[in-house]
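Engineer: The structure under discussion is supplied below as structure tokens; questions concerning it will follow.
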Amino acid sequence: MREIARLAALVNSRAEDIGARRLATIMEKVIEEISFRAPEFAGQTVRIDAEYVRQRVGDIVADEDLSKFIL
């Protein structure tokens, strides 16, 4: 959760500050693949750690032009 919040704050500070909407968008990107593949994970615990968060949204956050439009 800390990494998600940190990335949302970072993008908000570099682009238009849209507050919690940015946080919700990052959350959506983080769980997108897990949600799509949910049947495969039935009965399992899925761990989302800081590294997983960075893998899912790191490239978008790093590219300032993309972060303005996608996030």
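Engineer: Of everything in the range 10-19 that's without any contact (Cβ under 8 Å) to a residue 24 or more places away in the chain and surrounded by fewer than 14 Cβ atoms within 10 Å (Cβ to Cβ), which residue is nearest to the chain's Cα centre (by Cα)? Outline the logic, then answer.
Structural biologist: So the first thing to find is which residues in the range 10-19 are without any contact (Cβ under 8 Å) to a residue 24 or more places away in the chain, and the list is 12-13, 17-19.
Imposing the further condition that a residue be surrounded by fewer than 14 Cβ atoms within 10 Å (Cβ to Cβ) reduces the set to 13, 17, 19.
Values: 13: 16, 17: 16, 19: 14 Å.
Checking each candidate, the answer is 19.
Engineer: Being of a type outside the set (D, E, K, R) and either loosely packed, with under 11 Cβ neighbours inside 10 Å or touching a residue at least 12 places away in the same chain (Cβ under 8 Å) (or both) is the filter here, so list the residues in the range 20-38 that pass it. Step through it out loud before you land on a result.
Structural biologist: Taking the range 20-38 and keeping what is of a type outside the set (D, E, K, R), we get 20, 23-27, 30-31, 34-36, 38.
Of everything in the range 20-38, those that are of a type outside the set (D, E, K, R) and either loosely packed, with under 11 Cβ neighbours inside 10 Å or touching a residue at least 12 places away in the same chain (Cβ under 8 Å) (or both) turn out to be 20, 23, 25, 26, 27, 30, 31, 34, 35, 36.
Engineer: Say whether the condition of being in contact (Cβ under 8 Å) with a residue 24 or more places away in the chain and either among the charged types (D, E, K, R) or surrounded by 11 or more Cβ atoms within 10 Å (Cβ to Cβ) (or both) is met by at least one residue in the range 39-48.
Structural biologist: Filtering the range 39-48 for residues in contact (Cβ under 8 Å) with a residue 24 or more places away in the chain gives none.
No, the conditions are met nowhere in the range 39-48.
Engineer: Ok, one more. Can you spot a residue in the range 50-63 that is exposed (fewer than 13 other Cβ atoms within 10 Å of the Cβ) and modelled with pLDDT of 90 or more?
Structural biologist: Yes; the residues of the range 50-63 include at least one that is exposed (fewer than 13 other Cβ atoms within 10 Å of the Cβ) and modelled with pLDDT of 90 or more.
The values are calculated or read from the model by the stated rules, or taken from the named source; none is laboratory data. This one's a predicted model, so the numbers in the text were calculated from it and none came from an experiment. Virtual Cβ from ideal backbone geometry, glycine too; neighbours counted across all protein chains shown.
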